[in-house]
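These notes are about the structure you will find just below.
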Amino acid sequence: MSLSMSSTASHEQQRIVRYSHRAGLRTVALIEALKGVLALVVAYVLIVLIRRDVDFEEAAEHVLFFFHIGLKHRLSQQLLHAADNISDTSIAMIVGIAVAYATLRFLEGYGLWRQRVWAEWLAIISGCIYLPFEIYKV
C-alpha cells in the first residue's frame, strides 16, 4: 500500500514538472513571437517613412518629445546624430536585419511552443549572442 501511494505521488510530481516546463516554454515562445512582431512593425514603419520622404532628425525629435526626454541628454544627442546620418542604404540594411531577426524569433517561438529540443538550444545560443556586449559594458 505504501509503495502504491509513493508511486502515485511520484507520477503526480512528474506530471506537475512536465506541465510547468511546458508552461514556461510556451511563455518564452510568446515573448519571442512578440519580439518578432515588434521587429516587423519597426521595419514597416521605416519603409513607410522612406516612402513619405520624412526628415528622420525631425521624427527623432518628435519621439523624444513624446517620451518626455530632454534634448540636452547625451542619449538624445546620439539619437539625433544617428537619425541625421540615416540614408536609404542604411534603412534598407536595417529593414533586412529586422526581417532576419523576426524570422529567427518566429522560428524560435514555434520550436519552443512545440517543445522541440533544437529550439531550446537555439534560445540558449541566441541569448548568448548578447553576452560579449554585456561583458564589455561591465
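The values are calculated or read from the model by the stated rules, or taken from the named source; none is laboratory data. Since we're looking at a predicted model, the values are computed, not measured. Cβ coordinates were reconstructed from backbone atoms using ideal geometry, including for glycine residues, and neighbour counts include every protein chain displayed. We work out accessible area using only protein heavy atoms, side chains counted, and drop any ligands, DNA or RNA first. Shrake-Rupley method; radii C 1.70, N 1.55, O 1.52, S 1.80 Å.
To keep it simple, each residue is scored yes or no on (1) modelled with pLDDT of 85 or more; (2) surrounded by 12 or more Cβ atoms within 10 Å (Cβ to Cβ); (3) in a helix (DSSP H, G or I).
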residue	(1), (2), (3)
5	no, no, yes
24	yes, no, yes
30	yes, yes, yes
46	no, yes, yes
>> Quick test of your reading of the structure: residue 75 fulfils all but one of (1) within 17 Å of residue 26 (Cα to Cα); (2) modelled with pLDDT under 90. Name the failing condition by number.
In response: (1)
> If you scan the stretch 60-119, which residues turn out to be within 30 Å of residue 23 (Cβ to Cβ), open to solvent by 80 Å² or more (accessible area, probe 1.4 Å) and of a type in the set (Lys, Arg)?
Replying inline: 114, 116
>> Of all residues being under 14 Å from the mean Cα position of the chain (by Cα) and open to solvent by less than 90 Å² (accessible area, probe 1.4 Å) in the stretch 125-138, which is farthest from residue 28 (Cα to Cα)? Just the residue, please.
In response: 128
>> Return the pair list, or none, for Cβ contacts closer than 9 Å from residues in the stretch 30-44 that are free of Cβ contacts under 8 Å to residues at least 60 places away in the same chain to residues that are aliphatic (A, V, I, L, M) and open to solvent by 80 Å² or more (accessible area, probe 1.4 Å), at least 6 apart or on different chains.
In response: 43/97
> Between residues in the stretch 109-121 that are more than 10 Å from residue 29 (Cβ to Cβ) and residues that are surrounded by 14 or more Cβ atoms within 10 Å (Cβ to Cβ) and among the aliphatic types (A, V, I, L, M), which pairs lie under 8 Å by C-beta distance while being six or more apart or on different chains?
Replying inline: 120/25; 120/112
>> Being modelled with pLDDT under 90 and farther than 29 Å from residue 57 by Cα is the filter here; which residues of the stretch 85-119 pass it?
In response: none
